[in-house]
Each structure stands twice: as structure tokens, then as C-alpha cells.
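**Student:** Structure in C-alpha cells, see below.
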Amino acid sequence: MSQIETIARDNHASQVVSITLGMGQLSGVEERLLKHAYPVASAGTIAEGAQLIIRSTPACVRCTTCGKESTVTPNHLVCGHCNDWHTELISGDELLLIQVELDTQDDFEPATGVMH
Ligand SMILES: [Zn+2]
């Protein structure tokens with residue numbers, strides 16, 4: 001959340017419109033729980049009320065036998081080139097900030113008309 005606030009401040013944004021997160025298939029994070037926790041985490045910050053968009057990102061492994069990289073399904077971490085099981089995870093267990101959409105208009109007024 002502080003990362004988003006830094007981005008918003010650096011861009012002189014008046015409000016964060018939406019946040020796009022990349023959620024690795026092996027991250028163990030449930031999209032449902034994340035969306036549930038978001039309003040609490042963003043309350044009182046510039047990101048309050050922003051739309052949360054979650055994209056599932058595929059897991060990716062590097063084969064230690066042939067050295068090639070391939071995308072895999074979470075329960076089948078096998079090399080897509082030589083079918084070897086000796087692979088190491090490159091990505092798929094992380095939560096990434098993909099995009100932050102900002103409103104930078106100086107005369108922006110919230111549609112709800114809430115006074116701060
Ligand atoms: Zn391989």
C-alpha cells in the first residue's frame with residue numbers, strides 16, 4: 001500500500017482510480033480474500049475507493065537439465081521442453097504491482113460529493 005501511495009505522490013495524483021495486481025498461481029493468495037481485505041488496507045489512504053483488478057500470472061520454471069524456461073501449471077512443475085522434473089521456480093509465487101491508474105486532474109471532484 002505504501003508503494004502505491006509513493007507512486008501517487010510522485011505523479012501528483014489526486015486519487016487512485018484502479019490498481020492492477022498480478023497474482024502468481026502459486027502465491028497461495030486467494031483473490032476473494034484479497035478483494036475482501038483491500039478496502040480495509042486502503043482506508044484513509046489516497047487509494048481508498050480505487051478499483052482492484054487482479055490478474056492471475058502463470059507459474060514459470062527453469063529446467064536444471066536442459067536450461068530452458070517454460071510456463072507450468074501449479075500442480076505439474078515439469079519442464080515443457082524435455083519433461084524433466086528437475087526444475088526450479090522462477091515466478092508464480094509472488095504478488096506483483098502491474099499498474100496503477102491515477103487521476104491527476106487538479107480540479108477533480110469526487111462524483112459522490114463527499115467533503116473532506
Ligand atoms: Zn528441460
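Any read-out appearing in this document is the output of simple, stated calculations on the displayed coordinates, not a laboratory observation. Quick caveat, the model's predicted, so the values are computed rather than measured. Heads up, the Cβs are rebuilt from the backbone with ideal geometry, glycines too, and the neighbour counts pull from every protein chain shown.
**Student:** May I ask you to verify whether VAL78 is of a type in the set (Val, Ile, Thr) and in contact with a Phe, Trp or Tyr (Cβ under 8 Å, 6 or more places away or on another chain)? I'd like the intermediate steps shown before the answer.
**Tutor:** Details: of a type in the set (Val, Ile, Thr): yes; in contact with a Phe, Trp or Tyr (Cβ under 8 Å, 6 or more places away or on another chain): yes.
It is true that VAL78 is of a type in the set (Val, Ile, Thr) and in contact with a Phe, Trp or Tyr (Cβ under 8 Å, 6 or more places away or on another chain).
**Student:** Name every residue in region 13-24 that is out of contact with any helix residue (DSSP H, G or I) (no Cβ under 7 Å at 6 or more places or on another chain) and under 9 Å from ASP103 (Cα atoms), in order of residue number. Break it down into steps so the answer makes sense when it comes.
**Tutor:** In the first step, residues of region 13-24 are kept if they are out of contact with any helix residue (DSSP H, G or I) (no Cβ under 7 Å at 6 or more places or on another chain); the result is 13-15, 17-18, 20-22, 24.
Passing the criteria: ALA13, SER14, GLN15, VAL17.
**Student:** Also: What tally of residues in region 52-97 results from selecting those that are within 30 Å of VAL40 (Cβ to Cβ), in a loop (DSSP other than H, G, I, E, B) and either within 13 Å of the ligand (Cβ to nearest atom) or touching a residue at least 40 places away in the same chain (Cβ under 8 Å) (or both)? Talk me through it step by step, then tell me what you get.
**Tutor:** So in region 52-97, the residues within 30 Å of VAL40 (Cβ to Cβ) come out as 52-59, 74, 91-97.
Subset that is in a loop (DSSP other than H, G, I, E, B): 58, 74, 92-94.
Then keep just the ones that are either within 13 Å of the ligand (Cβ to nearest atom) or touching a residue at least 40 places away in the same chain (Cβ under 8 Å) (or both); that gives 74, 92-94.
Looking only at that region, the number is 4.
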